[in-house]
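K.L.:
Attaching a single structure in structure tokens format; questions to follow.
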Amino acid sequence: MPGKLYGVSVGPGDPELLTLKAVRAIREADVIAVPNIGHGRQTALSIAAEYIEGKQQIECSTPMTRDAQVRQAAYAENAQTICEHLAAGRTVAYLCLGDIGVYASFAPVNERVRAAGYEVEIIPGVTSFSASAARLGTVLCEGSERLLISPVMSGNVDEILDVPANKVFMKSGREVIALRDKLAERGQLDGASMVANCGLPDEKVFPHLSDITEEDADYFSVVIVKGA
């Protein structure tokens, strides 16, 4: 019988935010697939480390480039490698930070593996922005408030800031300083906060986005803007 692929959400950083279902899938998997964006930091792997000792691991290159051809080639290679394990009857758990359905590298692998005829199950998890809001001691939205979620690099930030809603900016990275300055220019900085590396050992919490410096910018930064 062919194996099964599990897309496993491991949460934003704190291993205690792994769901029971995620832990079961990781424990039962024969092979652990881990995305690698090229910065040498295997965060998803470290979160689930307690449950993967002794298991075979495969690294799935996930290049952070605007070159679609390069990205698609990497996704195709990752899916092919996973399908080879599934064809041999092995169960594979593909680990993703946060929730696997939100800006994760699993989507193109999921499509290809399903198209090849193999069974795939997606296990949801705690998002980085939910955990960041909790760390800040606030909520993302209430009552009739709307919530808009966007990566900082997705086009015109002004267009996003024009929408009357609470906002979450993910994957801020170096763009977070420009975002801070843009919010200040628009008079929206007072309602902005940030958490970098939420749940990880190097976590940094900024109740006021105005307090950040360039040294605080990190790829795993979540900016929450309320009342805008």
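K.L.:
Scan around THR91 for amide H atoms under 5 Å from its own, H built in the peptide plane at 1.01 Å from N, and keep only partners 5 or more places away or cross-chain.
P.N.:
The list, which skips near neighbours in sequence, is LYS4, ASP30, VAL31.
K.L.:
For LYS167, list the lysines whose Cα falls under 22 Å from its own Cα; do not include residues on the same chain fewer than 8 positions away.
P.N.:
LYS182, LYS204, LYS226
K.L.:
Using modelled amide H (1.01 Å from N, peptide plane; none on Pro or chain starts), what sits under 5 Å from the amide H of TYR219, excluding residues fewer than 5 places away?
P.N.:
Sorted by chain and number, the residues that satisfy this are GLY173.
K.L.:
Within the range 121-228, which GluC sites (Glu not before Pro) sit in a loop by DSSP and count at most 15 neighbouring Cβ atoms inside 10 Å?
P.N.:
GLU142, GLU145
K.L.:
Put +1 on the Cβ of each Lys and Arg and -1 on the Cβ of each Asp and Glu in the chain; which of TYR75, SER172, GLY98 then has its Cα farthest toward the positive end of the dipole?
P.N.:
Comparing the listed Cα positions along the dipole, TYR75 ranks first.
K.L.:
Right, another one. Using a Gaussian network model on the chain with a 10 Å cutoff between Cα atoms, which of ALA134, ALA93, ALA22 fluctuates the most?
P.N.:
Per the Cα network of the chain with a 10 Å cutoff, ALA134 tops the list.
K.L.:
Moving on. Please compute the Kirkwood hydrodynamic radius over the range 4-123, one decimal place, Å, based on all pairs of different Cα atoms.
P.N.:
14.2
K.L.:
Next question. Apply the Karplus parameterisation 6.51 cos²θ - 1.76 cosθ + 1.60, with θ equal to phi minus 60°, to every residue of the range 25-35 and state each ³J(HN,Hα) to the nearest whole Hz, in sequence, with x for glycine and proline.
P.N.:
5, 5, 5, 7, 6, 7, 10, 10, 9, 10, x
K.L.:
Still on this structure, I have one more. Going by how many other Cβ atoms sit within 10 Å of their own, how do ASP181, ASP14 line up, fewest first?
P.N.:
Listed from fewest to most nearby Cβ atoms, that is ASP181, ASP14.
K.L.:
Per the Kirkwood definition applied to all pairs of different Cα atoms, how many angstroms is the hydrodynamic radius of the chain?
P.N.:
It works out to 18.5 Å.
K.L.:
What are the residues whose amide H is under 5 Å from the amide H of GLU119, where those residues sit 5 or more places off or on another chain and H is modelled from the backbone?
P.N.:
For GLU119, the qualifying residues are LEU5.
Quick note: the coordinates plus some simple rules give every number you see, no bench work behind them. Remember, predicted model here, so these are calculated numbers, not experimental data. Cβ atoms come from the backbone with ideal geometry, glycine included; neighbour counts cover every protein chain shown.
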